[in-house]
Amino acid sequence: MIRFTDLSLHHAAHRRQELSALSRAAQDARYIRGPRLAAFETSFAAYCGTRSSVGVGSGTDALTIALKAFGIGPGDCVIVPAFTFISTAVSVIAAGAIPVFADVEDSTLTLDPALLERAYTPRIKAVIPVHLYGMPADMDPIGAFARRHGLIVIEDAAQAHGSFYRGRRAGSIGHAGCFSFYPSKNLGGLGDGGAITTSDTKAAERMRILGNIGQKTKYRHVLIGLNSRLDDIQAAVLSTRLPHLDRDNAKRRAISKRYRRLLTGLPIRLPDDPAGRETNMHLFVIRTPKRDTLRAFLTKRGIETGIHYPLPLHREPTLRHLGYRHGAFPVSERAAKTVLSLPMYPEMSVSDQRRIADAVREFFRRVTE
Ligand SMILES: *Cc1c(COP(=O)(O)O)cnc(C)c1O
């Protein structure tokens, strides 16, 4: 059996360090907004290259809080890609605004800058490019579009810890970057967590208040907020993991390179590698019209795979009320039918990778016979 990912391996490799960080946090008993959170926020901001970072309860809350911090709410519209994890749109609705979908580039499946002008209306106040699978969206033309119309740019960097766009870290390019520390992300905790990065000090202050039920100081409520904080105990673990992130991302990129080599010549589409964008290889996603039969074949061979994601957002049952028709976003619709994520995690063995590639080869040999 080859698992899609194995989250126990990182902890196993750094068990002593993680357990002692947890134990110290438990003993110290400053569980909410404690010193380990403050320390992690400082080091995560430094890592991303922003002035501040604000720990919150999840990546979804990070997006909602970032939108609210920039004053986006009822009456406003926000452009999001039609192909992403549903949180990108759910957070807009949670902030009281309306998501407006735009299609993605066929090459990277990130927001297509060429389609933004067409999606624009005067009610649009922000745009959320998603660095899907870790691949940064094309931020320069997206930023130019936003400046033309005075829009806020919030990066959904929930999959992009450590990715680069033209030398800048994901999360430091827009007005704010939103991260998730869900366990399976490249930087994950032992449960839910998230952070917002920004160099706008005033916005960071509002984010901190919004995540703390609107309290500026204890029992002085200045905004309608959420209860969405990053626990001291999670921050303690994340601080032990952050120093390993670049090395783990490099391992993922090496695995991706090997996949490319092992899978050349097959009738599948491998991930594009555009100049100026360095992915953290959160997911290794191939595309083939035979996705469903290939997936079933690999399952029978004991190889777990994933589909990120089976539906474009305008086809999601809970978002159909937004009123988009079938066929409105052809690239997103095709992607949802053809994407297949192969196992990818830093500790993955070469022999497992060979077995996966051999199985994919065998599948295509059989279907062409
Ligand atoms: C994981 C993820 C989120 C949400 O993060 P949570 O911590 O699970 O709330 C948002 N956007 C994208 C693209 C994600 O992959």
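The values are calculated or read from the model by the stated rules, or taken from the named source; none is laboratory data. Computed from a prediction, not measured in an experiment: that's the story for all the values here. All Cβ positions, even for glycine, are placed from backbone atoms using ideal geometry, and neighbour counts span all protein chains on display. Just the protein is used for accessible areas: all its heavy atoms, side chains included, with ligands, DNA and RNA removed. Shrake-Rupley method; radii C 1.70, N 1.55, O 1.52, S 1.80 Å.
Worth pointing out:
- Of the complete DSSP H runs in the chain, those spanning 18 angstrom or more by Cα along the long axis with a mean Kyte-Doolittle score not below -0.5 are 35-48.
- Relative contact order %, the stretch 1-110, counting alpha carbon pairs below 8 Å whose residues are six or more apart: 18
- Rounded if a/c under 1.5, otherwise prolate or oblate - the stretch 315-369, Cα gyration tensor axes: oblate
- Longest to shortest principal axis, alpha-carbon extents of the stretch 219-369, angstrom: 72, 45, 35
- Across the chain, C-alpha contacts under 8 Å between residues 6 or more apart give a mean separation that, scaled by the residue count, equals a relative contact order of 22 percent.
- FRET efficiency, 1/(1 + (r/R0)^6) with R0 35 Å, evaluated for Ala114 and Arg261 via beta carbons: 0.65
- Taking a ≥ b ≥ c as the square roots of the eigenvalues of the Cα gyration tensor, the stretch 106-264 is oblate, since a/c reaches 1.5 or more and a/b is not larger than b/c.
- Peptides 1-9, 134-142, 73-81, ordered by how many other C-beta atoms sit within 10 Å of their residues on average, highest first, read 134-142, 73-81, 1-9.
- Heavy-atom accessible surface of the chain: percent carbon and sulfur, 1.4 Å: 53
- With q set to 0.09, 0.13 Å⁻¹, the log10 of I(q)/I(0) for the stretch 1-153, from the Debye formula over equal scatterers at the Cα positions, is -0.41, -0.76.
- Whether the stretch 21-78 is rounded, prolate or oblate, judged on the alpha carbon gyration tensor where a/c under 1.5 counts as rounded: prolate
- The stretch 47-75 versus the stretch 268-326: alpha-carbon centroid distance in Å: 27
- Over all projection directions, the Cα-based convex hull of the stretch 225-290 averages an area of 8.2 nm².
- Between Asp28 and Arg320, residue separation times 0.36 nm minus the direct Cα-Cα distance comes to 100.3 nm.
- Whole-number accessible area per residue in Å² for the chain, which is evaluated in the context of all protein chains at 1.4 Å: 43
- Placing a label point 7 Å from the Cα of Arg247 along the Cα-to-Cβ direction, the residues of the stretch 9-28 whose backbone N falls under 15 Å of that point are 10-18.
- Binning the alpha carbon pair distances of the chain at 20 angstrom intervals from zero yields the distribution 30, 57, 13, 0, expressed in whole percent.
- Cα-centre dipole for the chain with unit charges at Cβ (Lys and Arg positive, Asp and Glu negative), debye to 20: 360
- Given charges at beta-carbon only (K, R positive; D, E negative), |dipole| of the stretch 282-353 in Debye: 420
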